Amino acid sequence: MSKKLGLVQNRYKRELGERDGRLRAVGVSFLNAQPHLHGLLSGMGEDRMQVVLAEPSELARRLFEDEADVGLSPVVPLAIHGGFEIVPGVAIGCDGAVESIRIVGDVPIEDSEEILLDAASRTSAILTRLIVRHRLGGREPRYCSRPAREITDTVRGKTLGLLIGDAALEAKGRFAHELDLGQAWKDMTGLPFVFAVWAARPGVLSASDCQLLQQSLQAGLDARPAIAQAWMHGHGGDVAAHLAYLTHSIRYVLDERASAGLREFLRRGAEAGFLPPAELHFAGEPAPARLPQRRSIDALLEYAADGGRISLEDALWLGHEAPTHELGLAADQRRKALHPDEFVTYIVDRNVNYTNVCTTSCRFCAFYRPVGHAEGYVLTREQLGQKIEETLAAGGIQILLQGGLNPALHLEWYEDLFRWVKQTYPIKLHALSPEEIWHLVRIEDLSVEAVLSRLRAAGMDSLPGGGAEVLTDRVRSKIAKAKCTSAEWIEVMRVAHRLGMRTTATMMFGTSDTLLDRVLHMLKIRELQDETGGFTAFICWDYQHDVGTRAVAGETGTALYLRTQALARLVIDNVPNIQTSWVTQGPGIGQVGLRYGANDMGSTMFEENVVSSAGTTFGMDATQIERHVRALGFKVARRNMRYERLSEPA
Ligand code: SF4
């Protein structure tokens, strides 16, 4: 191992935390995982390992966010992360037909226009896309993510669906056309497919830990009749069918052929741009040389600047080790590739905070007032109307409407307000962050989809990405216990995109977050963008903490801001636009940010209350914004929220 790599791995290990005592193992509550868990759940090795069950996406989150030491993980999250060790010899896979993962529809996939995917299973989604591309000679239908429970009933005509698990088994024979993806993979490659493996960070598992996991599986394989029986009692279905599935459809061995199938999947996924390049590394083997094609920081920066997808491990490596100016150069190269005409855009709009009354009490926020406070306000229509008229008079096209979580304001209040705005003024409403949407979901006891649909019908055009802060729950719960979780924030954005709305993504860092938290945040945005394509832009800034805030400042500052934005441009390879944050950093650094991956100057703002309440008060009008852009040799254009240019350069 090189000295540099050793340093990075040590830092990485320290950041994830050292553990003593029992290992924390996470499994999934699917039938095909039960043989793996049987021995452990029966008490085998209980002095060494404790086991909990979770959904696959939650399992990956726990592994990534250091809430678990070893997990029976789907293979795609492991490739996205990079650097995990796999327990040799055991897996969940198939060698031909698997029954439980199938594309179904009224027409064959060759005639499909749309395929509905279950967002929770990224491994199956990428497998689907690889197989469909292959069968359609490179053509792709439209992909749309849906909750698993909705897919079966939504499949009709040229809209097909990917069914997984019980839904796939129960739908057998119900559709005119069914494609078993295990069989389709074998037809395409001649190889078995591997869905999941036991994985852990390097050095966590000893040889005896691996043996324990292998023995647990062996006990489970011997107990398949009892497992099938217990599954029937708990979940229904037919014992013989369950036993046949465990015995004939699922393959539990990770031998040379299965490893070759897994490598082939990772290779094809990377070649298609769905995955970062990933290599298999088994626990107990000597650490391999780093990816041979990318031995140095320079080569990795070049790879990312050329549009190569990087893993979490590589992003951490760059974030820790890459010199700031070289990160900037790589991000600038990427920006130029995405926006070759050298235009920088901005929007003329106004930030309006309709209320400062809030029950969340974020520790970084000096703007809010608790319920009943003498300084609490809700804007009247006259006040809001005046602000909109001023915005229109200055050439503005949109208001960014956000506020506190005020329990006195119900969904009807927002609907009435939005209808009134739209009936009275020709202006776009970029309104309500996911945090505010969740607040309405809770107080109205409605679904996210119902709340968003009603607001959209009343006139909401798009959603700002506020309230994200850093999308790991460790950080969010330290900012405020009442904040929505990172999964809830993502879910609002997923549903908004599905309903056809465009949104932005933000990141406010610099409280208790580390580089790992910030990179995990970037990957969550990239992952949802892969799924929906609904984000128009990403904006980051650091915590402004001069006046009236309560959170202790962590890693902040101009250099870190520029590094973070540049890293975001490289990691979030699928969101087209990056805004520089001159409102928090000042016009000069905002301008420099245009050479650190940004292609947009954000908004004229007119009015800003949240960061200015904390003592940061920068302002620029359209003329000043344009002057700062041109001074760097860029052309400048106004835009709308969808980043469509509204004017040619003067
Ligand atoms: S940041 Fe927003 S949600 Fe948090 S306390 Fe301030 S107004 Fe409330």
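The values are calculated or read from the model by the stated rules, or taken from the named source; none is laboratory data. Every value quoted in this text rests on a predicted model; they were computed, and no experiment measured them. Don't worry about glycine lacking a Cβ; one is built from the backbone with ideal geometry, like all the others, and counts go over all protein chains shown. The protein model used for the area step is the full one, side chains on, heavy atoms only, and it has no ligands, DNA or RNA in it. Shrake-Rupley method; radii C 1.70, N 1.55, O 1.52, S 1.80 Å.
So is Trp413 in contact with a Cys (Cβ under 6 Å, 6 or more places away or on another chain) and either of a type in the set (A, V, I, L, M, F, W, C) or touching a residue at least 40 places away in the same chain (Cβ under 8 Å) (or both) or not? So that I can check it myself, show each step before the final result.
On the way: in contact with a Cys (Cβ under 6 Å, 6 or more places away or on another chain): no; either of a type in the set (A, V, I, L, M, F, W, C) or touching a residue at least 40 places away in the same chain (Cβ under 8 Å) (or both): yes.
Criteria not met by Trp413.
Taken together, the residues in the stretch 555-596 that are within 30 Å of Thr532 (Cα to Cα), part of a loop (DSSP other than H, G, I, E, B) and not charged (D, E, K, R) amount to 7. Among residues of the stretch 537-552 that are over 25 Å from Ala505 (Cβ atoms) and among the β-branched types (Val, Ile, Thr), those with a Cβ under 7 angstrom from a residue that is surrounded by fewer than 23 Cβ atoms within 10 Å (Cβ to Cβ) and modelled with pLDDT under 90, sequence gap 6+ or separate chain, pair up as Val547/Ala366; Val547/Ala614; Val547/Gly615. Criterion applied to Ala79, Ala184, Ala171, Ala176 was being over 30 Å from Leu205 (Cβ atoms), touching a residue at least 60 places away in the same chain (Cβ under 8 Å) and touching a helix residue (DSSP H, G or I) at 6+ places or on another chain (Cβ under 6 Å), and the one residue passing it is Ala171.
Being in contact with a helix residue (DSSP H, G or I) (Cβ under 9 Å, 6 or more places away or on another chain) and closer than 13 Å to Leu440 by Cα is the filter; apply it to the stretch 413-428 and report the residue that is farthest from the ligand (Cβ to nearest atom). Steps first, please.
Kept after step one, since they are in contact with a helix residue (DSSP H, G or I) (Cβ under 9 Å, 6 or more places away or on another chain), are these residues of the stretch 413-428: 414-422, 424-427.
Narrowing the set further to residues that are closer than 13 Å to Leu440 by Cα leaves 414-415.
Working: Tyr414: 16, Glu415: 21 Å.
In this case the residue turns out to be Glu415.
Of all residues in the stretch 258-283 being open to solvent by 60 Å² or more (accessible area, probe 1.4 Å) and part of a helix (DSSP H, G or I), which is nearest to Val204 (Cα to Cα)? Write out each step before concluding.
Here is the first cut: in the stretch 258-283, the residues open to solvent by 60 Å² or more (accessible area, probe 1.4 Å) are 263, 267, 271, 279.
So of that shortlist, the ones also part of a helix (DSSP H, G or I) come out as 263, 267, 271.
Working: Arg263: 23, Arg267: 26, Glu271: 31 Å.
My answer is Arg263.
If the condition is being part of a loop (DSSP other than H, G, I, E, B), of a type outside the set (A, V, I, L, M, F, W, C), crowded, with 16+ Cβ neighbours inside 10 Å and away from the ligand (no atom under 16 Å from the Cβ), then the stretch 357-400 contributes only Gly396. Within the stretch 459-470, the residues that satisfy the criterion of being within 15 Å of the ligand (Cβ to nearest atom) and surrounded by 23 or more Cβ atoms within 10 Å (Cβ to Cβ) are Leu463, Gly467, Ala468, Glu469, Val470. One residue stands out in the stretch 507-526 among those that are open to solvent by 10 Å² or more (accessible area, probe 1.4 Å) and β-branched (Val, Ile, Thr): the one that is nearest to the ligand (Cβ to nearest atom), namely Thr511.
Taking Met232 as meeting all but one of (1) open to solvent by less than 60 Å² (accessible area, probe 1.4 Å); (2) touching a residue at least 12 places away in the same chain (Cβ under 8 Å), write down the number of the exception. Among (1) open to solvent by less than 60 Å² (accessible area, probe 1.4 Å); (2) touching a residue at least 12 places away in the same chain (Cβ under 8 Å), Met232 violates only (2).
The residues of the stretch 402-417 that are open to solvent by 50 Å² or more (accessible area, probe 1.4 Å) and under 18 Å from Cys365 (Cβ atoms) amount to a single one, Pro407.
Before we move on, is Leu31 at pLDDT 90 or above, in contact with a strand residue (DSSP E or B) (Cβ under 8 Å, 6 or more places away or on another chain), within 30 Å of Ala226 (Cα to Cα) and not basic (Lys, Arg)?
Working: at pLDDT 90 or above: yes; in contact with a strand residue (DSSP E or B) (Cβ under 8 Å, 6 or more places away or on another chain): no; within 30 Å of Ala226 (Cα to Cα): yes; not basic (Lys, Arg): yes.
So Leu31 fails the test.
Pairs are defined by a Cβ separation below 8 Å, a sequence spacing of at least 6 or placement on different chains, a first member in the stretch 345-363 that is of a type in the set (Gly, Ala, Ser), and a second member that is near the ligand (Cβ under 9 Å from one of its atoms); the pairs so defined are Ser361/Tyr368; Ser361/Ala480; Ser361/Ala482.
Could we say that Thr564 is touching a Cys at 6+ places or on another chain (Cβ under 7 Å) and open to solvent by less than 10 Å² (accessible area, probe 1.4 Å) here?
On the way: touching a Cys at 6+ places or on another chain (Cβ under 7 Å): yes; open to solvent by less than 10 Å² (accessible area, probe 1.4 Å): yes.
When the stated conditions are applied, Thr564 passes them.
On the basis of being within 13 Å of the ligand (Cβ to nearest atom), farther than 25 Å from Ala468 by Cβ and either over 29 Å from the mean Cα position of the chain (by Cα) or of a type outside the set (A, V, I, L, M) (or both), does His439 make the cut? Spelling it out, it is not the case that His439 is within 13 Å of the ligand (Cβ to nearest atom), farther than 25 Å from Ala468 by Cβ and either over 29 Å from the mean Cα position of the chain (by Cα) or of a type outside the set (A, V, I, L, M) (or both).
Scanning the stretch 471-495 for residues that are open to solvent by less than 20 Å² (accessible area, probe 1.4 Å) and among the hydroxyl-bearing types (Ser, Thr, Tyr), we see that the one that is farthest from the ligand (Cβ to nearest atom) is Thr472.
Going through Glu342, Glu390 one at a time, which residue ends up being within 30 Å of Leu570 (Cα to Cα), in contact (Cβ under 8 Å) with a residue 60 or more places away in the chain and more than 26 Å from the chain's Cα centre (by Cα)? Even if it seems obvious, please write down each step before you answer.
Numbers: Glu390 fails: within 30 Å of Leu570 (Cα to Cα).
That would be Glu342, the only listed residue that is within 30 Å of Leu570 (Cα to Cα), in contact (Cβ under 8 Å) with a residue 60 or more places away in the chain and more than 26 Å from the chain's Cα centre (by Cα).
Being in a strand (DSSP E or B) and of a type in the set (Ser, Thr, Tyr) is the filter here, so list the residues in the stretch 204-257 that pass it. Lay out the reasoning, then the answer.
Step one: filter the stretch 204-257 for residues in a strand (DSSP E or B), giving 251-254.
Correct list: Tyr252 only.
Could you tell me whether any residue of the stretch 404-411 is in contact with a Phe, Trp or Tyr (Cβ under 6 Å, 6 or more places away or on another chain), part of a loop (DSSP other than H, G, I, E, B), within 22 Å of Thr503 (Cβ to Cβ) and within 13 Å of the ligand (Cβ to nearest atom)? Spell out how you get there, then give the answer.
First, the residues of the stretch 404-411 that are in contact with a Phe, Trp or Tyr (Cβ under 6 Å, 6 or more places away or on another chain): 404.
Still in the running and part of a loop (DSSP other than H, G, I, E, B): 404.
From what is left, the residues that are within 22 Å of Thr503 (Cβ to Cβ) are 404.
Of the ones still in play, those that are also within 13 Å of the ligand (Cβ to nearest atom) are 404.
For the stretch 404-411, residues in contact with a Phe, Trp or Tyr (Cβ under 6 Å, 6 or more places away or on another chain), part of a loop (DSSP other than H, G, I, E, B), within 22 Å of Thr503 (Cβ to Cβ) and within 13 Å of the ligand (Cβ to nearest atom): present.
Listed by position, the helices (runs of 4 or more DSSP H) contained in the stretch 470-545 that have at least 1 residues being in contact with a strand residue (DSSP E or B) (Cβ under 7 Å, 6 or more places away or on another chain) are 486-498, 515-532.
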